[in-house]
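Asker: Supplied in structure tokens, the structure appears directly below.
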Amino acid sequence: MSRAADRLGQLRLAGHTGELARLRRAVAAWAEASRLGEAAARRLVQAVDEAAANAIEHGLADRTRARIVAEARRTADGLTVSLRYRGPRFDPTAPPALSPAEALRARAVHGYGLLLIGRLVADVGYDYARGVNEVRLTAR
Amino acid sequence: MDRRTYGLRLSHTLTKPTSHIKLEPMSSFSVSFSRLGAAHVLSLAGDLDAHTAPEFEAALEASLAAGDARIVADGAGLSYVSSAGLGVFMAFLEPARARGGDLVIAALPERVFETFDLLGFPEVFRFTPTVAEAAALFDAPGHAEGAS
């Protein structure tokens, strides 16, 4: 199957949090089209939302003009949603500063997004090249 | 349960917009207030995400500012909570307890509770199946604070 045939869809988002609901709806539709199970679909939707929120709030080079490109591809054993955006390197696969237990003890207000992403999907991939972050989230 | 809404109602569906809440036409989140016994009940509806979390934060700030520290977050109407929402809950837990109250989370749909559970929030927050059970915690004489 060609890469083009594997692609389920693409969405371009402006760099503000008001776009997140639209992204969640798109990922849910892609998950349904790929016949992902209900629980796996729900977790993928949340993982993508968390990654996009991190990009918007911490990673975009210029929030006023920035765009995030979300793209869904059906893989041999699941569904991968990638997010690409220009900005400083922001690696969601890097070890979090705090474990969940440490975050709870510290009553941390931030940092739960990265902790969630790794628990929600089967694989998290990341590449950074020529100023562009690419985060890949795979559900099975 | 006294469902009379008083004070602020934070939602884009407001007929009388408040001065300090930015109203977003695409927002799908709302907070309404009511009282049940000694409890101040915040009924949440819609998606609590990075975009709408400031509305919830404003509601909790307003509650504490009004002297209402015995807070029940009624999550029956919540369809989604992201880490931004979790952070708001966490930000107001200790301030509520420090004022002799608590922030109890009630009636969450299972799919929403899963997000709290994944990170261990039940270790530090009280969760109850119903709003009535959450409110009853505050009616007990010398109600115990905190879950652990």
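Asker: Go through the stretch B:107-117 and give me each residue that's more than 9 Å from chain A (Cβ to nearest Cβ) and out of contact with any Ser or Thr (no Cβ under 8 Å at 6 or more places or on another chain).
Answerer: Within the stretch B:107-117, the subset more than 9 Å from chain A (Cβ to nearest Cβ) is B:107-110, B:112-113, B:116-117.
Those that are more than 9 Å from chain A (Cβ to nearest Cβ) and out of contact with any Ser or Thr (no Cβ under 8 Å at 6 or more places or on another chain): B:Leu108, B:Glu110, B:Phe113, B:Phe116, B:Asp117.
Asker: Which residues, taken from the stretch A:45-90, are modelled with pLDDT under 95 and of a type in the set (Lys, Arg)?
Answerer: Within the stretch A:45-90, A:Arg63, A:Arg65, A:Arg67, A:Arg74, A:Arg86, A:Arg89 qualify.
Asker: Only residues in the stretch B:75-89 that are over 17 Å from A:Glu57 (Cβ atoms) count as the first member; pair them with residues that are modelled with pLDDT of 95 or more and among the charged types (D, E, K, R), Cβ under 6 angstrom, at least 6 apart or cross-chain, and list the lot.
Answerer: Once the first residue is over 17 Å from A:Glu57 (Cβ atoms) and sits in the stretch B:75-89, its partners that are modelled with pLDDT of 95 or more and among the charged types (D, E, K, R) give B:Ser79/B:Asp47; B:Tyr80/B:Asp47.
Asker: Can you name the helices (runs of 4 or more DSSP H) wholly within the stretch A:5-111 that have at least 2 residues being away from chain B (no Cβ under 14 Å) and over 20 Å from B:Thr115 (Cβ atoms)?
Answerer: Working: elements: A:20-33, A:38-54, A:100-105.
Passing ranges, in order: A:20-33.
Asker: As an exercise: evaluate B:Gly77 against (1) under 30 Å from A:Ala41 (Cα atoms); (2) within 14 Å of chain A (Cβ to nearest Cβ); (3) more than 10 Å from the chain's Cα centre (by Cα) and give the number of the one condition it does not meet.
Answerer: (2)
For (1) in contact with a Phe, Trp or Tyr (Cβ under 8 Å, 6 or more places away or on another chain); (2) surrounded by 15 or more Cβ atoms within 10 Å (Cβ to Cβ); (3) within 14 Å of chain A (Cβ to nearest Cβ); (4) not polar (S, T, N, Q), each residue gets a yes or a no:
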site: B:Thr52; (1), (2), (3), (4): yes, yes, yes, no
site: B:Leu60; (1), (2), (3), (4): yes, yes, yes, yes
site: B:Ala66; (1), (2), (3), (4): no, no, no, yes
site: B:Val81; (1), (2), (3), (4): yes, yes, yes, yes
site: B:Gly87; (1), (2), (3), (4): yes, yes, yes, yes
site: B:Leu93; (1), (2), (3), (4): yes, yes, yes, yes
site: B:Ile105; (1), (2), (3), (4): yes, yes, no, yes
site: B:Leu119; (1), (2), (3), (4): yes, yes, yes, yes
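Asker: A further question on this structure: What about A:Tyr112, is it under 29 Å from B:Val124 (Cα atoms), among the aromatic types (Phe, Trp, Tyr) and surrounded by 18 or more Cβ atoms within 10 Å (Cβ to Cβ)?
Answerer: Numbers: under 29 Å from B:Val124 (Cα atoms): yes; among the aromatic types (Phe, Trp, Tyr): yes; surrounded by 18 or more Cβ atoms within 10 Å (Cβ to Cβ): yes.
Answer is yes for this residue.
Asker: What is the residue count in the stretch A:115-127 for residues that are surrounded by fewer than 17 Cβ atoms within 10 Å (Cβ to Cβ) and at the interface with chain B (Cβ under 7 Å from one of its Cβ atoms)?
Answerer: Result for the stretch A:115-127: 1.
Asker: Test each condition in (1) modelled with pLDDT of 95 or more; (2) within 14 Å of chain A (Cβ to nearest Cβ) for B:Ala132 and report the one that comes out false.
Answerer: (2)
Asker: All but one of (1) buried (at least 21 other Cβ atoms within 10 Å of the Cβ); (2) within 11 Å of chain A (Cβ to nearest Cβ) hold for B:Gly101; state the number of the condition that does not hold.
Answerer: It fails just one condition, (2).
Asker: From the list B:Arg111, B:Arg126, exactly one residue is surrounded by fewer than 21 Cβ atoms within 10 Å (Cβ to Cβ) and closer than 16 Å to A:Asp49 by Cβ. Which is it? Show your work before the answer.
Answerer: Working: B:Arg126 fails: closer than 16 Å to A:Asp49 by Cβ.
Sole residue among the options that is surrounded by fewer than 21 Cβ atoms within 10 Å (Cβ to Cβ) and closer than 16 Å to A:Asp49 by Cβ: B:Arg111.
The values are calculated or read from the model by the stated rules, or taken from the named source; none is laboratory data. This structure is a prediction, so every number in the text was calculated from the model and none was measured. Heads up, the Cβs are rebuilt from the backbone with ideal geometry, glycines too, and the neighbour counts pull from every protein chain shown.
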